[in-house]
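Following: one structure in structure tokens, then a few remarks.
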Amino acid sequence: MTHHDDLDHARDTALLRQLRDLPREMRVPADGWTRLQAVLPVRAAEEQPGAKVIPLRRLRHARWSLPAGAALAASLALYWVLPLPLQPAAPPAPTVLQQQAAVMTDAYRQAMAALPPVDAPEWRPALVELDHGADQIRDALQQSPRSRHLLEQLQRTYALRLELTRQATRAASGLPT
């Protein structure tokens, strides 16, 4: 045992001895209530002869009415200070990259419209996959409108789709690719 443990044990032993020395039961003196009443201050209702004493029923009502009134006042104050907007906020203006993507998409659609329709089933899966990839890139640009990498990827996808469509057109017409 260390020195601290010895001190703690000695304190515990002394405390237990003091507890044993306390009397087991105490009797309340016969005049205890009158002595206590003489020591306590006189309440206001007892000082004034015509004062009303609030029954306990009304006191319960008063306990919840004050917090409820305070909460109502606070909510009205917040409503007054922070009114709800009546019209939805306008969508943010498109970024420069989104505008470039829109111009690029329009140019791609015009170029695709200028090409003859392709009826080559062997090319169709690759063309559909490129269209799907372009759709995904456009959706990603909506989520990350400042991503130059996505704009460049969209440009490469459009270029590849146009080139593949030209090759499919040449192959369908019998020209070398």
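The values are calculated or read from the model by the stated rules, or taken from the named source; none is laboratory data. All values reported here derive from a predicted model rather than from experimental measurement. Reconstructed Cβ throughout: ideal geometry from the backbone, glycine too, with neighbour counts over all protein chains shown. Protein only, heavy atoms only, side chains kept; ligands, DNA and RNA dropped before computing areas. Shrake-Rupley method; radii C 1.70, N 1.55, O 1.52, S 1.80 Å.
Here is a yes/no grid of residues against (1) closer than 20 Å to residue 144 by Cα; (2) touching a strand residue (DSSP E or B) at 6+ places or on another chain (Cβ under 7 Å); (3) in contact (Cβ under 8 Å) with a residue 12 or more places away in the chain:
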residue	(1), (2), (3)
72	no, no, no
77	no, no, no
93	yes, no, no
97	yes, no, yes
102	yes, no, no
108	no, no, yes
113	no, no, no
117	no, no, no
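Tell me, please, whether a residue that is more than 26 Å from the chain's Cα centre (by Cα) and either open to solvent by 90 Å² or more (accessible area, probe 1.4 Å) or hydrophobic (A, V, I, L, M, F, W, C) (or both) can be found in the stretch 140-148. Yes: the stretch 140-148 contains one or more residues that are more than 26 Å from the chain's Cα centre (by Cα) and either open to solvent by 90 Å² or more (accessible area, probe 1.4 Å) or hydrophobic (A, V, I, L, M, F, W, C) (or both).
Every condition in (1) outside any helix (DSSP H, G or I); (2) at pLDDT below 75; (3) under 54 Å from the mean Cα position of the chain (by Cα) holds for residue 41 except the one numbered (2). Of all residues in the stretch 136-147, those that are in contact (Cβ under 8 Å) with a residue 12 or more places away in the chain have Cβ atoms under 7 Å from Cβ atoms of residues that are of a type in the set (S, T, N, Q) and part of a helix (DSSP H, G or I), 6 or more apart or on another chain, in 137/153; 137/157; 141/98; 145/98.
I'd like the full set of residues that are closer than 17 Å to residue 96 by Cβ and in contact (Cβ under 8 Å) with a residue 24 or more places away in the chain, limited to the stretch 151-161. Correct list: 151, 154, 155.
Listed here are the residues, each with its yes/no results for (1) of a type outside the set (Lys, Arg); (2) open to solvent by 100 Å² or more (accessible area, probe 1.4 Å); (3) under 37 Å from the mean Cα position of the chain (by Cα); (4) modelled with pLDDT of 90 or more.
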{"site": "58", "(1), (2), (3), (4)": "no, yes, no, no"}
{"site": "86", "(1), (2), (3), (4)": "yes, yes, yes, no"}
{"site": "95", "(1), (2), (3), (4)": "yes, no, yes, no"}
{"site": "109", "(1), (2), (3), (4)": "no, yes, no, yes"}
{"site": "121", "(1), (2), (3), (4)": "yes, no, no, no"}
{"site": "173", "(1), (2), (3), (4)": "yes, no, no, no"}
